[in-house]
Structure formats: structure tokens, C-alpha cells
């Protein structure tokens, strides 16, 4: 395996520095660059030749899913491995749809990250058994799973619902009538295919929206 240049994208400095310290000991690593938000991500990508990106999808300035989608439009892009603490099925499927090369859950530990890096560099894509199971179990509804990306107004509504306000209080916050607020809430529930507000919040937390 050739030595590779990596871009480590993580907004929490302690996690980023710890990961770098471990990866620098690996014989396949040539050099490591760091980014803590979307601005520094693009700066690093334009300044250095990168082979592998380790990407935390909850990133200040942009969602990881948006970054991967934008990268996929480029003629030659680095391989992208998402490292996440989120395990929502909808999120995983949407990451696969935009062309991620690998996904590692943070609870799986450092060994799994190294394994995925090596496999992706060798065979372009690698998905552990848990991810393969998600693909298999959801193949029948693959094209019907809505994107996790929501509008600014929809995200704002989710945050307000999560704060535990009544419909009347939410209406005041959103500067809408109670009827309009309830209409927006109902539309969002329908859009995400969940039965009620509790399930709506569970969906949002599971997929990193909140």
C-alpha cells in the first residue's frame, strides 16, 4: 500500500488531535492535514494533494453530506470516509447515495478506522457488515427515503419543537399564526415519513439534524 496524504476533518480539537497522534504512527501515512469547519476544509483541499478524507458529518458551516455531494461533482476527488457517532438509517442511506467510500461508527474504535482506510485505498469502497445490512434491509425503499437535508425554516421549526414549547408559543417564535405553525409541523412530519412530533424529534436526533 502506498503512503497516503490525509485530511482529518473534525470540529472538536481534542478528538482531532488524538486521531492525528494515532494515525501519524501508521506506516502507510505520508502526511496529515487538519480542518475544523467547512472554510478550513476547502482551504486545505485546495492547498494540498489529498488521498483520503476522514470526515465528521456534523461540521460548522456545512453538513458533511453537502460536502460529499459537492466533491462528487469534481473530476478527481479524494476518497471520503465518514466517521460518525450517528447511526440513523436515513442518514446512512443518504451518505451512500452521495458517494461516500466508507463509513465508520465512532463506537467501533480506532482499529476499524484503520481497517476501513486500508480497504478503501485498495478497493475504492468498503462497508462493514452493519452498513451492508442497512443496504440489504432497505433496498426496497432506497429511492423513497427522503434526503435528511432540510430548509432553514424546517430546521428552525425542529429546534423550536425540541425546546418543548406549545403550539401557541411556537407560533410567537416563528411569527406565524397557530394554524400556519401547525400546518408546517404536519407537512414536516409527512415529509420525513414519521407518525408524530415525538418520532419527528427522534428522527432529527438520530440523523444529526439536531
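The values are calculated or read from the model by the stated rules, or taken from the named source; none is laboratory data. All values reported here derive from a predicted model rather than from experimental measurement. Glycine also receives a Cβ, built like all others from the backbone with ideal geometry; neighbour counts cover every protein chain displayed.
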query: If we scan the stretch 68-77, do we find a residue that is in the same structural domain as residue 103 (by TED's automatic domain parsing), surrounded by 14 or more Cβ atoms within 10 Å (Cβ to Cβ), touching a strand residue (DSSP E or B) at 6+ places or on another chain (Cβ under 8 Å) and not in a helix (DSSP H, G or I)?
result: no
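Can we say residue 122 is on the phi < 0 side of the Ramachandran plot and without any contact (Cβ under 8 Å) to a residue 24 or more places away in the chain? First the steps, then the outcome.
Details: on the phi < 0 side of the Ramachandran plot: yes; without any contact (Cβ under 8 Å) to a residue 24 or more places away in the chain: no.
Here the answer is no, as residue 122 does not meet what is asked.
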query: Just a yes or no: is a residue in the stretch 80-99 touching a strand residue (DSSP E or B) at 6+ places or on another chain (Cβ under 7 Å) and in a helix (DSSP H, G or I)?
result: yes
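Go through 122, 111 for me and flag whichever is more than 18 Å from the chain's Cα centre (by Cα) and modelled with pLDDT of 90 or more. Spell out how you get there, then give the answer.
Details: 122 fails: modelled with pLDDT of 90 or more.
Every option except 111 fails the conditions.
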field: One residue from 85, 99 being surrounded by 13 or more Cβ atoms within 10 Å (Cβ to Cβ) and farther than 20 Å from residue 3 by Cα
entry: 99
- request: Could you please let me know if residue 50 is assigned to a loop (DSSP other than H, G, I, E, B) and closer than 21 Å to residue 26 by Cα?
  value: yes
